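J.: Questions regarding the structure given below will be posed in turn.
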Amino acid sequence: MLILDHRCRALLTLRKLPPEAGSWSIVGGKLEYFETLHDGAVREALEEVGVAISIEGLLCVTDHLLPHESQHWVSPAYLGRVTSGCTKNCEPRKTREVRWFPLNQLPPNLTMTARNAIAAYTRQFPQSLNRRPR
């Protein structure tokens, strides 16, 4: 879930655990049994970063192959906007930090899913890279 605020900043989480520990990621996680992708994305945003979100659409799907970690994930990435709540690290065992980043000032160590979601968003909305943080 690529969550953007009204200033077009991306909310990223710094992972403590595999896959891709030590990298900045978009919000996401595993589905619960019989949970829809939409409902899972909404739940994960609340569980991981403490915000309610609205989903604006599907950005991309990443075939997330991590042979050095013996993992393979299929990761849909939605575009979400915060509707209520204040962002915070709700999972300190899994997440080192939660932070907003302007799209033109992203950290270099992004996860594969974060890179793909942000690239899909900026392809669809190229003007978003020209927005300056206030």
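J.: What is the packing order of peptides 76-84, 58-66, taking the mean over residues of other C-beta atoms within 10 Å and listing the highest first?
T.: 76-84, 58-66
J.: Of all beta bridges DSSP finds with both residues in the chain, what is the antiparallel percent, to the nearest 5?
T.: 85
J.: Given the Cα-Cα distance of residue 83 and residue 34 and 0.36 nm per residue of separation, how much length would full extension add, in nm?
T.: Separation in residues times 0.36 nm, less the Cα-Cα distance, equals 15.1 nm.
J.: Label residue 125 and residue 90 with points 7 Å out from Cα along Cα→Cβ: what is the distance between them in nm?
T.: If labels sit at residue 125 and residue 90, their model points lie 2.2 nm apart.
J.: Which value in Å is the Kirkwood Rh of region 2-126 over different Cα pairs?
T.: In region 2-126 this quantity evaluates to 14.6 Å.
J.: Where the centroid of each part is defined by its Cα atoms, how far is region 8-66 from region 92-131 in Å?
T.: Answer, in whole Å: 12.
No value in this document is a laboratory result; all are computed from the given coordinates. Everything numeric here is computed off the predicted structure, so don't read it as measured data. Using ideal geometry, Cβ is built from the backbone for each residue, glycine included, and neighbour counts are taken over all protein chains shown.
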